[in-house]
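Asker: Here's a structure for you.
The values are calculated or read from the model by the stated rules, or taken from the named source; none is laboratory data. Remember, it's a predicted structure, so these values are computed and weren't measured experimentally. Because the Cβ atoms are built from the backbone with ideal geometry, glycine has one as well, and the counts that use them run over all protein chains shown. Protein only, heavy atoms only, side chains kept; ligands, DNA and RNA dropped before computing areas. Shrake-Rupley method; radii C 1.70, N 1.55, O 1.52, S 1.80 Å.
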Amino acid sequence: DIRFPEATKIMSSLDAGIFNHLNTTKEITVTDIMRREVVKDVTAEWTKTISDYDIRATTEKTEQILPQYQKLRGVYGTLNEDKNLIGDVRWVGYALGFVVIIMALIFGGWVAINRQHRVVKISQPFFLYIICF
């Protein structure tokens, strides 16, 4: 069970930043600059919290926040991981694709040869060519 470390500290800094902003701007018109200052302050607190945790994690030989968060979100992977898992299956795909192309050509030729046959005329050769290709 992976929990996001320092989540309460991070959320409380966000709550405090927003609460202070709302209390100081009750009677005035809020500008975009004021909002950006709140974002800057909260981001600075988050960065400090995360860096403090990472420093402790390095000295205590535990995992840092980013890998733990990635595992929690299901997107964790090593940077040099080879994600090409297809391997030799590629050649099976090429072979099956080749078989499909050959069969389409064979059936297209069969439709061309038997164009005057009653069943092929009723099935409309153009439609049969569309199905083949």
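Asker: Looking for whichever is in contact with a Cys (Cβ under 8 Å, 6 or more places away or on another chain), open to solvent by 80 Å² or more (accessible area, probe 1.4 Å) and over 22 Å from P5 (Cβ atoms) here; the options are F126, F107, F98. Which one fits?
Answerer: Numbers: F126 fails: in contact with a Cys (Cβ under 8 Å, 6 or more places away or on another chain); F98 fails: in contact with a Cys (Cβ under 8 Å, 6 or more places away or on another chain).
After applying the criteria, what remains is F107.
Asker: Also: Go through (1) surrounded by 12 or more Cβ atoms within 10 Å (Cβ to Cβ); (2) modelled with pLDDT of 90 or more one by one and return the number of the condition D52 breaks.
Answerer: Failed condition: (2).
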